[in-house]
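Structure first, then comments.
The values are calculated or read from the model by the stated rules, or taken from the named source; none is laboratory data. The structure displayed is predicted, hence computed values, not measured ones. Every residue, glycine among them, receives a Cβ derived from its backbone with ideal geometry; neighbour counts consider all protein chains shown. Each accessible area value is taken on the protein alone, full model and side chains, heavy atoms only, with ligands, DNA and RNA left out. Shrake-Rupley method; radii C 1.70, N 1.55, O 1.52, S 1.80 Å.
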Amino acid sequence: MFDKEFLEDPSHLLTAEQADLQKRAKVLAERVALPQAAETDRSEAYPDTVVTELTKAGFMGMSVPEALGGPGRSCFEVALVVEEFARCCGVSGRIVVEGNMGSVGAIIAYGTEAQRETAARYVLSGDKPAICITEPAAGSAATEMKTTAERDGDTWVLNGSKHWITGGGVSRLHLIFARVLEDGVYKGIGGFIAFLGEAGLEIGEREPTMGLRGIPETTINFRNLVIPTDRLVTPPEGIERGFAGLMNAYNAQRVGAATVALGIARGSFEAACVHVKKREQFGRPIAEFQGLQWMLADMSIQIEAARMMIWNAARSASYTESGFPDPMMAAQAKVFASEMAVKVTNDALQLHGAGGYSRNAPIERMLRDARMFTIGGGTAQMLRNLIAGKVLNMKTPQTRGGYLDVSRN
């Protein structure tokens, strides 16, 4: 983390306003998120009190444009806040991500004025929207989803199931991806807005997760869920090619996930630095042993490298045509930060010795929380395929149809 003088000097990497935003987030995270992190993990209860404080402070819906009643914060500024909350509580950091990125970003970018106003109203009042893509048989291969939305006059009728939906049962706004059928003819994959409590939207079984236990991961079933036709979110490319446009929003989600991983890693690193100075063996603090110093040096290097990759990816959103982070930069940041977080939290636990293995210490929770980010939001392996395709300027489909040179298409 930067020294106090560095943060307060606007000539460095942050403007004075950004440094103030980061500082406010740090203070609030330490006051409200840190004290309840262990209990959230133990109880597996959604941290409503933290969400209330996030909402009061204006950290939910930060990315909402001023025209829709929000502060219009950039992706980079959202990342500054996410890191501070994730440092104290991975669950809280993830809530900030999904209250500013993902489904809300897609709706605000591609929705009608009424849809955009609805999404803004929900997140500004504290909702963490759910993005419903993954299915039991369609994870990395998202386009193989089976959920359908069939046109019936002035309505869409949705049927199918989604799995591993973050926030199932607590999220009020849902952006559901489904195969669009009109007169039985497949038109493409679209995003549909639905709300908790609507007939036909049924929250299913909750997964007993390894980490990040304060946010439910559930199945959601759609049984003749009837919604008006004006709930379909359509990018400019139209429904036939709209899925790719809607998935642009996932690039911001990936930057957010990378930032949560970064914050968790930083929290474990800082705890390890404190511990090695206090813990004595052989008549001296273990911080004096060179082997442990090298571990801490490597942890510091990896954290700073991840932060710069995340910052660059987040800032790219201000320059891309889509308004979302560059896909390759987002993928690189998520792969690096997620794998870094697993290593750093594991090393932090090692530096704590047996005490770190105890559930009375926060380190084992941080390690469990960090482990999710090499999987959720695009596995490290699938994202490497995306990166390789960009590097080689090739399409790299995982079906058996072969590879194609992009320059020939």
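When residues of the stretch 308-344 are filtered for being of a type in the set (D, E) and assigned to a helix (DSSP H, G or I), how many remain?
Restricting attention to the stretch 308-344, the residues satisfying the condition of being of a type in the set (D, E) are 321, 326, 339.
Subset that is assigned to a helix (DSSP H, G or I): 339.
The number of residues fulfilling the criteria is 1.
If you go through the stretch 25-82 and keep only what is open to solvent by 50 Å² or more (accessible area, probe 1.4 Å), touching a helix residue (DSSP H, G or I) at 6+ places or on another chain (Cβ under 7 Å) and under 24 Å from A252 (Cα atoms), you end up with K26, G69. In the set (1) within 24 Å of the chain's Cα centre (by Cα); (2) modelled with pLDDT under 95; (3) open to solvent by 50 Å² or more (accessible area, probe 1.4 Å), the condition left unmet by M329 is number (2).
Give me the residue from the stretch 187-229 that is free of Cβ contacts under 8 Å to residues at least 40 places away in the same chain and farther than 23 Å from V104 by Cα and, out of that set, surrounded by the most Cβ atoms within 10 Å (Cβ to Cβ). Walk me through how you get there before you give the answer.
Step one: filter the stretch 187-229 for residues free of Cβ contacts under 8 Å to residues at least 40 places away in the same chain, giving 194-199, 201-203, 205-206, 208.
Narrowing the set further to residues that are farther than 23 Å from V104 by Cα leaves 205-206, 208.
Values: E205: 11, R206: 13, P208: 8.
Filtering the stretch 187-229 for residues that are free of Cβ contacts under 8 Å to residues at least 40 places away in the same chain and farther than 23 Å from V104 by Cα, the one surrounded by the most Cβ atoms within 10 Å (Cβ to Cβ) comes out as R206.
Under the condition of being within 17 Å of G263 (Cβ to Cβ), among the basic types (K, R) and either within 17 Å of the chain's Cα centre (by Cα) or open to solvent by 40 Å² or more (accessible area, probe 1.4 Å) (or both), the residues counted in the stretch 351-389 number 2.
Of the residues that sit in the stretch 123-152 and are part of a helix (DSSP H, G or I) and open to solvent by less than 40 Å² (accessible area, probe 1.4 Å), which one is modelled with the highest pLDDT?
Taking the stretch 123-152 as the starting set, the residues that turn out to be part of a helix (DSSP H, G or I) are 123-124, 142-144.
So of that shortlist, the ones also open to solvent by less than 40 Å² (accessible area, probe 1.4 Å) come out as 123, 142.
Working: V123: 98, A142: 78.
Taking the candidates together, the pick is V123.
Scanning the stretch 160-186 for residues that are closer than 15 Å to T229 by Cα and either open to solvent by 20 Å² or more (accessible area, probe 1.4 Å) or touching a Lys or Arg at 6+ places or on another chain (Cβ under 6 Å) (or both) turns up R179, V180, L181, E182, D183.
Name the single residue, out of those in the stretch 390-409 being among the charged types (D, E, K, R) and open to solvent by 90 Å² or more (accessible area, probe 1.4 Å), that is modelled with the lowest pLDDT. Ranking the qualifying residues of the stretch 390-409, first place goes to R408.
Taking each residue of the stretch 376-397 that is over 17 Å from A337 (Cα atoms) and outside any helix (DSSP H, G or I) and looking for partners that are aliphatic (A, V, I, L, M) and open to solvent by 80 Å² or more (accessible area, probe 1.4 Å) with beta-carbon atoms closer than 7 Å, six or more apart or interchain, yields M394/L404; K395/L404. Taking first residues from the stretch 230-243 that are of a type in the set (S, T, N, Q) and partners that are in a helix (DSSP H, G or I), the Cβ contacts under 8 Å between residues at least 6 apart in sequence or on separate chains come to T234/Y110; T234/G242. Taking the numbered list (1) touching a Gly at 6+ places or on another chain (Cβ under 7 Å); (2) in a helix (DSSP H, G or I) in turn, A361 passes all entries but (2). Only a single item in (1) surrounded by fewer than 20 Cβ atoms within 10 Å (Cβ to Cβ); (2) part of a loop (DSSP other than H, G, I, E, B); (3) not β-branched (V, I, T) is not met by E117, and it is number (2).
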